[in-house]
Amino acid sequence: MTTKNTLSITDNRTGKAYELPITDGTIRALDLRNIKVDEEDFGLMTYDPAFMNTASCRSAITFIDGDKGILRYRGYDIAELAEKSTHLEVSYLLMNGELPTKEALAKFENEVTHHTFLHENVKDFIDGFRYDAHPMGMLVATVGALSTFYPEAKDIRNRDNRRLQIVRLIAKMPTIAAWSYRHEVGLPYVYPDNDLGYTANFLSMMKRMAESKYQANPVLARALDVLFILHADHEQNCSTSAMRGVGSSEVDPYSAVAAAAAALYGPLHGGANEAVLRMLNEIGSLDKVPDFIARVKSGEGSRLMGFGHRVYKNYDPRAKVIKKLAYDVFEVTGKNPLIDIAVELERIALEDEYFVKRKLYPNVDFYSGLIYQAMGFPVDMFPVLFAIPRVAGWLAQWEEMLADKEQKISRPRQIYTGHDVRPYVTIDKRG
Ligand code: CMC
């Protein structure tokens, strides 16, 4: 039998046959529009709530094979990048498609270092938040507010201008994040220190008190850098889709990043590591683990947070690296006692038919919160710690979208389920 890369469809409403090309394992949704009952008919659409089976773009940035547990940025395996690269090197890779040469990396690091300061008015802006405001809420608002400081960022069709805003965003996210935290706990803001690397500088802005210089423990600064690498991109997830969707209106990148960060804030996305920690605290001791698992399975309790993923139906490769990293961090900080509960939960879940059958494995959030907590970050900083590195991925995806000739303003269709036209009822006649 000769094979063809096409799909034959017979419309049983009309008896007509159609042949649609298959490219890269997909058919074009717009090809379905030609399938009509008559000339008046709008044509066939697909219905795909939550985009479970719809590719919205072509992308050369991140590859995931969820069944095999593979994650690669620009073709490089995530575990190898986590072992051998720095976060800024990976950000360059995501943005430019290639790992930087020594000179290119030094230039990029220098640029990022020299854009870490915020306009002094940003301090007043952050001061305007309530004393106990959630740092992720402050981050979302403040990054959006930066668009008012850089009105030239609107010129999104100018490549050099885009690049400048990208450097600014990567550079300023840690400063906004640290200042949001300092505001929440009532401590003075700490200015960036240009002598320090990306994560050491962030730790300095978070933790420095009266000392003239804050020297982060190098093991902890490196651990944070590895966590940043692991969180830098994850193809078309909820926040990245928000970045692309909002960015497709050609708004400036600060406003689009604010939208992406807002999407990340939710407990089913970047908020899950916070939920894991609350869950481990609630379980409290090893002997309560079997009972907790039983409640998850019966549906009486909550889900097993930090388990399961829309794409991974195998061990999340990021969780593997993080689990190992946790023990390196505990060498410095002392062991987080909750790790024993997490390991026991994982052991039982991976043997249990409920989880095995549904292919539920630990995801990136299962162990990361334990590290953040051991490093002294409060729980409400966890989504913020996800947003700082993810900005590199959002911006790489944004650049790719703008360069893609096939992309237009993002605008899904709907199936209308409401009333047909009906007469207006004046207010005195309404029941
Ligand atoms: N605990 C217990 N059961 C689960 C879990 C879980 N964590 N996750 C999925 N299931 C069950 C679910 O009840 C369903 O069972 P059934 O077929 O009997 O109804 C089945 O597995 C399929 O679940 P689903 O909700 O259809 O899967 P989804 O792809 O829509 O959801 C998910 C993915 C990540 C939202 C979900 O697994 C979840 O809620 N996990 C806990 C929250 C979490 O850890 N989120 C972090 C995700 S990774 C980082 C990120 O994206 O930001």
Check the straight Cα-Cα distances from LYS313 and name the aspartates and glutamates below 13 Å, setting aside those fewer than 8 residues away within the same chain. ASP65, ASP67
Using the per-residue mean of other Cβ atoms lying within 10 Å as a proxy for protection, in what order, highest first, do the peptides 143-156, 370-383 fall? 370-383, 143-156
In nm, to one decimal, how far is the LYS408 label point from the ASP24 one, both placed 7 Å along Cα→Cβ? 1.9
Probe radius 1.4 Å, ligands and nucleic acids ignored: give me the carbon and sulfur share of the accessible area of region 76-412 as a rounded percent. 54
Given a 10 angstrom Cα cut-off, can you work out which residue in VAL329, VAL364, VAL219 is the most mobile in a GNM of the chain? VAL219
Under a crude label model (7 Å from the Cα following the beta-carbon direction), how far is VAL425 from ASN12 in nanometres? 4.0
Once the convex hull of the alpha carbons of region 1-54 is built, what does its volume come to per residue, in cubic angstrom? 107
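Would you work out the relative contact order for region 76-412, in percent, from Cα pairs under 8 angstrom that are 6 or more residues apart? Can you show the working numbers first?
Values: 457 pairs, mean separation 80.4, N = 337.
That works out to 24 percent.
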Below 11 angstrom from the Cβ of ALA171, what's the summed charge of the other residues (Lys, Arg +1; Asp, Glu -1)? 0
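Assuming 0.36 nm per residue, please report the length gained on full extension of the stretch ASP132 to PHE117 beyond their Cα-Cα distance.
Working: separation 15, 0.36 × 15 = 5.40 nm, distance 2.39 nm.
Length gained, ASP132 through PHE117: 3.0 nm.
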Diffing region 59-70: the Karplus 3J(HN,Hα) column from phi (6.51, -1.76, 1.60, θ = phi - 60°), in whole Hz with x for Gly and Pro, holds 9, 10, 8, 10, 10, 10, 10, x, 6, 8, x, 10
Which entries in the list LYS84/LYS207; LYS107/LYS320; LYS68/LYS405; LYS102/LYS154; LYS297/LYS357 go over 24 Å, if you measure between the two C-alpha atoms of each? LYS84/LYS207; LYS107/LYS320; LYS68/LYS405; LYS102/LYS154
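Can you tally the net charge around LYS154? Count Lys and Arg as +1, Asp and Glu as -1, for every other residue whose Cβ sits under 13 Å from the Cβ of LYS154.
Working: positive: ARG157, ARG162; negative: GLU152, ASP155, GLU250, ASP252.
Result for the neighbourhood of LYS154: -2.
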Report the accessible area of PHE330, computed with a 1.4 Å probe over the heavy atoms of all protein chains in place, in Å² rounded to the nearest 10. 20
Hypothetical label at LYS335: residues of region 290-328 whose amide nitrogen lies under 14 Å (7 Å Cα-Cβ projection): 326-328
For GLU19 the rounded accessible area (nearest 10 Å², probe 1.4 Å, non-protein molecules ignored) is 100
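Heavy-atom accessible area per residue, the chain, 1.4 Å probe: how many Å²? It would help to have the intermediate numbers written out before the result.
Values: 22160 Å² over 431 residues.
Using a 1.4 Å probe on heavy atoms only, each residue of the chain averages 51 Å².
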Need the list of lysines near LYS36 for cross-linking: C-alpha distance under 16 angstrom, and skip anything on the same chain fewer than eight residues off. LYS16
Evaluate the distance, in nm, between pseudo-label points positioned 7 Å from the Cα of ALA294 and of ARG278 along their respective Cα→Cβ axes. 2.5
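How big is the chain by the Kirkwood estimate over distinct Cα pairs, in Å? Walk me through the intermediate numbers first.
On the way: mean 1/r = 0.0418 Å⁻¹.
23.9 Å is the Kirkwood radius here.
The values are calculated or read from the model by the stated rules, or taken from the named source; none is laboratory data. All of these numbers come straight from a predicted model, not from anything done at the bench. When we count neighbours, we look across all protein chains shown, and the Cβ atoms used for this are built from the backbone with ideal geometry, even at glycine. Accessible surface is based on the protein model in full, side chains and every heavy atom, while ligands, DNA and RNA are left aside. Shrake-Rupley method; radii C 1.70, N 1.55, O 1.52, S 1.80 Å.
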